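As structure tokens, the structure follows; a few thoughts come after it.
The values are calculated or read from the model by the stated rules, or taken from the named source; none is laboratory data. These numbers come from a predicted model, not from an experiment. Here the Cβ is made from the backbone with ideal geometry for all residues, glycine too, and neighbour counts use every protein chain on show. When the accessible area is computed, the model is the full protein with side chains, heavy atoms only, and any ligands, DNA or RNA have been set aside. Shrake-Rupley method; radii C 1.70, N 1.55, O 1.52, S 1.80 Å.
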Amino acid sequence: MAQAQGLGRRYIKAFLKGFFVAVPVTVTFLDRVACVARVEGASMQPSLNPGGRYASDVVLLNHWSIRNYDVQRGDIVSLV
């Protein structure tokens, strides 16, 4: 019984260590490098959402290119 409790505590401790490392790394990556966004509505038709009102597309927003001013003609830019 005591051995099972020690094993459970070890698993919880390992999970918490991984959690407290993974969350800041993920947040930093999504903030600095790239994030995934869903495009809804007719504002970008026919390039995005060709299916109409009820369809939505998923795009990858590249934060790295914007920070380095590497925007070229024809790129879609998202402003918030």
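Points worth noting:
- Only protein atoms count toward the accessible area here, which uses a 1.4 Å probe; on the chain, the carbon and sulfur part of that area reaches 62 percent.
- Applying 1/(1 + (r/R0)^6) with r as the Cβ-Cβ distance of LEU61 and ALA22 and R0 = 30 angstrom yields a FRET efficiency of 0.90.
- Across the alpha-carbon set of the chain, the Rg to Rh ratio works out to 1.29, Rh being the Kirkwood radius.
- Positive dipole terminus of the stretch 10-68, leading residue within PHE29, VAL58, PHE19 (C-beta point charges): PHE19
- Averaged per residue, the chain has 91 square angstrom of accessible surface, using a 1.4 angstrom probe with ligands and nucleic acids left out.
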